[in-house]
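K.L.:
Sharing a structure below in structure tokens format, with a few things to ask.
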Amino acid sequence: MNLTGILSAFLLAVSLCADCFAVSSCSSTSLQTVNWRKVSPIALVFGLIQTLLMFAGWMFGDVFVGVVEKAASVIGFLLLLYVGGSMILEAVRGNEEARNLNGLRNVIIGGIATSIDAFAVGISLSMDRCPSSQVTADLIAVFIVTVLSVMAGMFGGCRVGRKFGRPAEIAGGTVLILIGLSVLI
């Protein structure tokens, strides 16, 4: 593996994890505290989902290309609408714990919503006949960078939420819905 391949893998990982960072920061605004024990499993789930969907796209690229082109934006929008809408609804109702990244179900929904693009990238790597050594480097970089970005997003989002409270939760939910709309358009 040469330096260009490593740099390419890192840049791919950074571009894919931007939405993971946004979702984790926005979703954690309602949390009163975060610690490594709470953040680590969530970050690992996001990293695993992102990496596994990219790998699945690479493995089955030719089969899924038509389905992904037609459905990816709608699926991504609906998942982000659910997460963002739930955050706004719970913030308006005044519940202390919004339905953001609390619970395995919401973590998985958030992970899938932010990883559909990784699936599409995997398909494109497959169709470009990218060598397995480069795909391996890409997958490792995607996992590591995603985990780190989700951790950073959750710690930062919690701080913003403690400082600004419910308006931050509503803003976070709104941002997630807007991200979903941008995926749809």
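The values are calculated or read from the model by the stated rules, or taken from the named source; none is laboratory data. Since we're looking at a predicted model, the values are computed, not measured. Neighbour counts are summed over all protein chains in view; Cβ atoms, including those assigned to glycine, are modelled from backbone coordinates with ideal geometry. In case anyone asks, the SASA skips ligands and DNA or RNA and just uses the protein heavy atoms, side chains included. Shrake-Rupley method; radii C 1.70, N 1.55, O 1.52, S 1.80 Å.
K.L.:
Quick check: anything in the stretch 124-136 farther than 30 Å from LEU3 by Cβ and not charged (D, E, K, R)? Walk me through how you get there before you give the answer.
P.N.:
If we filter the stretch 124-136 for residues that are farther than 30 Å from LEU3 by Cβ, which is where we start, we get none.
No.
K.L.:
Where residues in the stretch 93-107 are modelled with pLDDT of 75 or more and loosely packed, with under 15 Cβ neighbours inside 10 Å, which of them is nearest to GLY161 (Cα to Cα)? Reasoning before the result, please.
P.N.:
Going through the stretch 93-107, the residues modelled with pLDDT of 75 or more turn out to be 103-107.
Next, only the ones that are loosely packed, with under 15 Cβ neighbours inside 10 Å stay: 103-105.
Details: GLY103: 19, LEU104: 21, ARG105: 22 Å.
It comes out as GLY103.
K.L.:
Does the stretch 82-90 contain at least one residue that is surrounded by 20 or more Cβ atoms within 10 Å (Cβ to Cβ), modelled with pLDDT of 90 or more and part of a helix (DSSP H, G or I)?
P.N.:
No, the stretch 82-90 contains no residue that is surrounded by 20 or more Cβ atoms within 10 Å (Cβ to Cβ), modelled with pLDDT of 90 or more and part of a helix (DSSP H, G or I).
K.L.:
Follow-up question, since we're still on this one. Out of the stretch 19-41, which residues are among the hydrophobic types (A, V, I, L, M, F, W, C) and open to solvent by 60 Å² or more (accessible area, probe 1.4 Å)?
P.N.:
Across the stretch 19-41, the qualifying residues are PHE21, TRP36.
K.L.:
At pLDDT 80 or above, open to solvent by 40 Å² or more (accessible area, probe 1.4 Å), under 12 Å from the mean Cα position of the chain (by Cα) and closer than 24 Å to ILE123 by Cβ: which single residue out of LEU53, LEU44 fits that description? Give the steps one after another, and end with the answer.
P.N.:
Numbers: LEU44 fails: closer than 24 Å to ILE123 by Cβ.
None of the others qualify; the one that does is LEU53.
K.L.:
Okay, moving on. Starting from residues that are over 10 Å from the mean Cα position of the chain (by Cα) and of a type in the set (A, V, I, L, M), keep the ones in the stretch 101-115 and report whichever is nearest to ALA91 (Cα to Cα). Quick ask: steps written out before the conclusion?
P.N.:
Initially, the stretch 101-115 is screened for residues over 10 Å from the mean Cα position of the chain (by Cα), giving 101-106.
Still in the running and of a type in the set (A, V, I, L, M): 101, 104.
Numbers: LEU101: 14, LEU104: 20 Å.
Filtering first and then ranking leaves LEU101.
K.L.:
Any residue at all in the stretch 111-126 that's outside any helix (DSSP H, G or I) and open to solvent by less than 10 Å² (accessible area, probe 1.4 Å)?
P.N.:
Step one: list which residues in the stretch 111-126 are outside any helix (DSSP H, G or I), which gives 114-115.
Restricting the remaining residues to those that are open to solvent by less than 10 Å² (accessible area, probe 1.4 Å) gives 114-115.
Yes, the conditions are met somewhere in the stretch 111-126.
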